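Note sheet for the following structure.
Nothing in this text is a laboratory measurement; each read-out follows from the coordinates by a stated rule. Keep in mind that what you see is a predicted model, and the values were worked out from it rather than measured. Ideal geometry is used to build each Cβ from the backbone, glycine not excepted, and the neighbour counts take in all protein chains shown.
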Amino acid sequence: MTSAMRHKAAPRTGVDWFLFFLRGLLLGLVTVGLGAFVLQQIDPANPVTEWLNPGASRLSWDAAQGLIVSGLSQGAMYGLIALGYSMVYGVLGFINFAHGEVFMVGAMTGMITANKLDHGGLWESNFVLAILIAVAVSVVCSTLTAVVMERVAYRPLRGAPRLIPLITSIGVSFFIQNTSAVLLGPGAKNYPRLPEGLSDRIGIGPLEIEGKKLLVLVVAAASMSALWYLVERTKTGKAMRAVAEDKEIASLMGIDVDRTIVTTFAVGGAMAGVAGILWGILFGSVTEFTGFLPGIKAFSAAVVGGIGNLGGAMAGGLTLGSSESLAPQLILEPLGVTGHTQLKDAVAFLVLIFVLLVRPTGLFGERLSSEDRT
Amino acid sequence: MSNANGATPLLEFRGVNTHYGAVHILKDVDLAIYPGELVCLLGGNASGKSTTLKTLLGMVTPTTGDVILDGERVNGKPTSYLVERGVTMVPENRRLFKRLTVKENLELGAYLRSDRDGIQSDLERVYSMFPRVKERLNQKSGTLSGGEQQMVAMGRALMSNPRVLLMDEPSMGLAPALVQTNFELIQQIHEEGVAIFMVEQNANMALSIADRGWVLQTGRVVLDDSAEALLANPELRASYLGDGNR
């Protein structure tokens with residue numbers, strides 16, 4: 001998959017050399033960083049470490065597993081949101097940038113429900129029931145948001161050049177952010193306190209997982225399995241895949257293409273709703289801008305995994321989440337980069353750039369033939 | 001208009017005119033397809049063949065004139081309405097869902113049906129007609145050879161249990177040996193009692209198996225006759241059946 005293979009006959013252009021250089025640079029950074037990390041783990045007092053990162057200490061297993069678990073739980077959330085980007089791209093061929101806001105609506109409505117339940121006392125007396133209610137409300141609200149969005153903003157643009165719905169989606173995104181600020185007031189709003197038990201660590205194999213992170217992982221895995229079943233094993237899923245591949249022939253089979261597109265938005269919205277409530281459980285607060293960064297990162301995750309590919313979206317999410325959690329400690333810190341923990345976001349986007357440089361179709365993406373692209 | 005079986009037409013065009021914007025495509029077209037017959041519509045590029053098919057399937061609504069299915073006026077009805085009532089098409093170049101398995105492609109052909117037993121027996125029918133399809137059920141249909149894909153495309157169409165099967169350029173893009181096989185498949189389906197309306201450029205081949213045919217020229221039906229008569233028609237021989245076409 002290198003450029004040399006693709007341009008067997010053609011001489012390399014300046015751009016090829018630039019990309020080659022970039023690939024080398026990123027690979028070099030990763031290698032050197034990991035090397036320095038290994039040296040530092042063996043003996044923090046070796047000369048290289050003393051020179052690069054004076055005063056370094058070994059990374060303890062306790063700290064490392066903390067990073068792995070938070071990377072995975074964050075990544076699972078990215079994966080859930082990424083599914084919505086990927087599915088909509090699959091059927092309509094455009095990126096719905098307002099999808100991050102669908103996630104935010106889930107987190108917001110989850111917050112409102114959770115606080116109401118907290119006032120009523122159910123949050124404390126029966127947490128499981130309370131969280132189920134909150135999940136149900138978030139999922140319903142996110143699904144509705146996604147469906148209304150499709151009906152009002154995107155359906156009238158069916159058949160327009162793809163750039164038009166793309167730009168519209170940015171507008172929809174601002175609209176939802178500001179609506180939330182107007183209705184609920186700007187700024188951060190808190191989820192009620194989680195029950196004590198959820199902060200305890202539970203041992204699973206070599207890992208000790210904080211209860212709430214385990215909850216996030218379990219719920220994410222369950223939602224993804226349900227989605228997989230829907231898409232791969234049901235008639236609706238078959239219709240969705242058919243519409244994604246060829247709308248004209250799908251309608252020739254008698255599939256209602258518009259309804260299938262609505263279903264796709266609804267399912268993507270439901271996944272974002274689940275992610276929203278998980279965000280609330282994990283971080284405890286939500287603002288009207290909560291959808292922005294996770295949204296962009298989930299989009300990156302979808303691209304990293306290969307856009308249009310559902311397994312890829314999940315894998316991309318986990319890759320991105322783990323990288324941004326682990327890479328600062330494993331690569332940047334041993335190199336003596338200051339403030340490495342604040343470079344999380346930069347790392348996430350570097351991963352995106354790196355994957356695009358090395359494998360432009362994403363981890364699991366197929367190359368689209370020009371016929372498919374039209 | 002000739003009537004092959006003395007019955008009422010299954011699918012009919014009565015004075016159909018269609019427009020794309022200001023462009024007049026079909027001009028006063030009359031067609032009638034009777035139950036169980038094999039008919040073909042011949043015509044060169046831009047003669048209005050595809051528009052005829054799209055109109056028959058409800059994808060294009062006539063500006064004037066009527067499309068009649070089984071005595072019911074179906075102008076402007078959605079495609080699914082027509083598919084449910086026994087009209088279906090094998091599209092040009094097959095257009096299988098390449099990322100779906102052969103089985104899933106066949107199942108999508110029966111998308112609008114809910115009679116499990118009927119679907120199962122139609123699946124069996126497709127398997128017995130095309131044993132090679134059965135061997136490849138769980139393969140992605142994009143990995144099949146051209147001939148196998150053609151079988152799946154026909155099988156998919158048969159899964160809707162059609163009374164009339166529209167075929168858009170069945171010989172297009174196939175190797176000559178496959179064209180022959182393909183026409184044999186069409187005859188095989190015809191023998192099962194399905195009416196076939198075939199749109200073709202390969203006039204020789206089409207007329208050799210058809211009962212009747214029409215010739216369309218710039219949106220107008222210029223010839224309407226039995227297949228033998230058309231094969232012998234000097235005008236048609238000159239324009240479509242030239243020796244180069246053999």
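Residue separation times 0.36 nm, minus the C-alpha to C-alpha distance between A:I353 and A:D200: what's the value?
My answer for the length gained is 51.4 nm.
Helix-only mean residue ellipticity at 222 nm, chain B, DSSP H runs n ≥ 4 weighted -39,500 (n - 2.57), per residue, nearest 500. What is it?
Computed mean residue ellipticity for chain B: -10000 deg cm²/dmol.
Just going by the charge dipole of segment A:59-367, with Lys and Arg at +1 and Asp and Glu at -1 on Cβ, which of A:Q342, A:F103, A:M149 is farthest out on the positive end?
Positive-end residue among those listed: A:M149.
Once all Cα-Cα distances of chain B are split into 10 Å bins that start at 0, what whole-number percent is in each one?
7, 32, 36, 20, 4, 0
What is the dipole size for segment A:215-374, taken about its Cα centre, with +1 at each Lys and Arg Cβ and -1 at each Asp and Glu Cβ, in debye to the nearest 20?
In debye, rounded to 20, segment A:215-374 gives about 220.
Tell me the relative contact order for chain A as a rounded percent, counting alpha carbon contacts under 8 Å between residues six or more apart.
After rounding, I find 32 percent.
Count the net charge of all other residues whose Cβ sits under 11 Å from the Cβ of A:W123, scoring Lys and Arg as +1 and Asp and Glu as -1.
Working: positive: A:K116, A:R193; negative: A:D118, A:E124.
With Lys, Arg at +1 and Asp, Glu at -1, the net is 0.
So, R0 is 45 Å and r is the distance between the beta-carbons of A:T234 and B:A46; what FRET efficiency does that work out to, to 0.05?
Using R0 = 45 Å, I get an efficiency of 0.60.
Where both partners of a DSSP beta bridge lie in the protein assembly as shown, what percent of those bridges are antiparallel, to the nearest 5?
The antiparallel fraction comes to roughly 60 percent.
Please give, to one decimal in nm, the separation of the simple spin-label points placed at B:R132 and A:L184, each 7 Å out from Cα toward the Cβ.
6.0 nm
Once fully extended, how much extra length lies between A:L293 and A:A226, figured as 0.36 nm per residue of separation less the alpha-carbon to alpha-carbon distance?
On the way: separation 67, 0.36 × 67 = 24.12 nm, distance 2.61 nm.
In short, 21.5 nm is gained.
Taking the protein assembly as shown as the region of interest, what is the percent of Cα-Cα pairs per 10 angstrom bin, listed from the shortest bin to the one with the maximum distance?
Spelled out per bin, shortest first, that is 3, 14, 20, 19, 16, 13, 8, 5, 2, 0, 0.
Considering only A:F94, A:L194, A:S325, whose Cα is most displaced toward the positive end of the charge dipole of chain A, charges sitting on Cβ of Lys, Arg (+1) and Asp, Glu (-1)?
A:F94
Answer with one residue from A:N53, A:L357, B:Y81: the one whose Cα lies farthest towards the positive end of the charge dipole of the protein assembly as shown, charges on Cβ with Lys, Arg +1 and Asp, Glu -1.
So the residue we want is A:N53.
Distance check, please: which entries in A:K297/B:K98; B:K77/B:K140; A:K213/A:K238; A:K212/A:K297 exceed 25 angstrom between their Cα atoms?
Too far apart for the 25 Å limit: A:K297/B:K98; B:K77/B:K140; A:K213/A:K238.
What aspartates and glutamates does A:K189 reach when the alpha-carbon gap must be under 20 Å and sequence neighbours fewer than 8 apart in one chain are set aside?
Of all the aspartates and glutamates, those that pass the test against A:K189 - Cα under 20 Å, at least 8 places apart if same chain - are A:E101, A:D118, A:E124, A:E288.
Order of B:R94, B:R116 from fewest to most other C-beta atoms within 10 Å?
Placing the least packed residue first, the sequence is B:R116, B:R94.
Taking the Cα centre as origin and putting +1 on Lys and Arg beta-carbons and -1 on Asp and Glu beta-carbons, what dipole magnitude results for segment A:59-367, to the nearest 20 debye? Write down the numbers at each step before the final one.
On the way: 20 positive and 20 negative charges, 130 e Å.
So the magnitude is around 620 debye.
Residues of segment A:270-307 with amide nitrogen under 20 Å from the 7 Å Cα-to-Cβ point of A:V147?
In segment A:270-307, the label zone of A:V147 (backbone N under 20 Å from the point 7 Å along Cα→Cβ) covers A:270-277.
Could you work out the local net charge near A:I202, counting Lys and Arg as +1, Asp and Glu as -1, over the other residues with Cβ closer than 10 Å to its Cβ?
-1
Among bridges DSSP assigns within chain B, what percent are antiparallel (round to 5)?
Taking every DSSP beta bridge within chain B, about 55 percent pair in antiparallel fashion.
Please give the calculated 222 nm ellipticity per residue for chain A, where each DSSP H segment of at least 4 residues contributes -39500 (n - 2.57) and the sum is spread over every residue; nearest 500 deg cm²/dmol?
-23000 deg cm²/dmol
How would you rank B:I186, A:I167, going from fewest to most other Cβ atoms within 10 Å of each one's own Cβ?
Exposure proxy ranking, most exposed first: A:I167, B:I186.
Dipole magnitude of the protein assembly as shown about its Cα centre, charges +1 at Lys/Arg Cβ and -1 at Asp/Glu Cβ only, in debye to the nearest 20? Let's see the in-between values first.
Values: 51 positive and 54 negative charges, 179 e Å.
Its charge dipole is roughly 860 debye.
Hey, in the GNM for chain B with a 10 angstrom Cα cutoff, which one of B:P131, B:P162, B:P91 fluctuates hardest?
In this elastic network of chain B, the residue with the biggest mean-square fluctuation among B:P131, B:P162, B:P91 is B:P131.
May I ask for the distance between the Cα centers of segment A:166-205 and segment A:61-125, given as a whole number of Å?
The distance from the Cα centre of segment A:166-205 to that of segment A:61-125 comes to 8 Å.
Place a label point 7 angstrom from the Cα of A:D258 along the Cα-to-Cβ direction, then list the residues of segment B:55-83 whose backbone nitrogen is under 16 Å away.
Counting only backbone N, you get B:59-61, B:76-81.
Enumerate the lysines that B:K27 could reach by cross-link, defined here as Cα to Cα under 18 Å, with residues fewer than 8 away along the same chain left out.
By straight Cα distance, B:K27 reaches B:K49, B:K54.
At A:N115 and B:D70, where each label point lies 7 Å from the Cα along Cα→Cβ, what is the point-to-point distance in nanometres?
Each label point is offset 7 Å from its Cα along the Cβ direction, giving 5.9 nm.
What net charge is computed for the residues neighbouring B:R73, neighbours being all others with C-beta under 13 Å from the C-beta of B:R73, Lys and Arg scored +1, Asp and Glu -1?
Within the 13 Å Cβ shell, the charges total -1.
Any idea how far apart B:T181 and B:S121 come out in nm if each label point goes 7 Å out from Cα toward Cβ?
Spacing of the two 7 Å Cα→Cβ label points: 3.0 nm.
Within segment B:193-221, list the residues whose amide N lies under 18 Å from a label point set 7 Å along Cα→Cβ of B:A238.
What the label zone holds, given the 18 Å backbone N cut-off, is B:215-218.
Give a quick list of trypsin sites (Lys or Arg not before Pro) in segment A:1-109 that DSSP marks as loop, anything other than H, G, I, E or B, with at most 13 other Cβ atoms within 10 Å.
The qualifying sites are A:K8, A:R12, A:R58.
According to the square roots a ≥ b ≥ c of the eigenvalues of the Cα gyration tensor, what is the shape class of segment A:59-367, taking rounded for a/c under 1.5, prolate for a/b larger than b/c otherwise, and oblate for the remainder?
Working: a/c = 1.64, a/b = 1.24, b/c = 1.32.
In terms of gyration-tensor shape, oblate.
Among B:V29, A:V38, A:V137, which comes first, second and so on when ranked by fewest other beta-carbon atoms within 10 Å?
Listing B:V29, A:V38, A:V137 from fewest to most nearby Cβ atoms yields A:V38, A:V137, B:V29.
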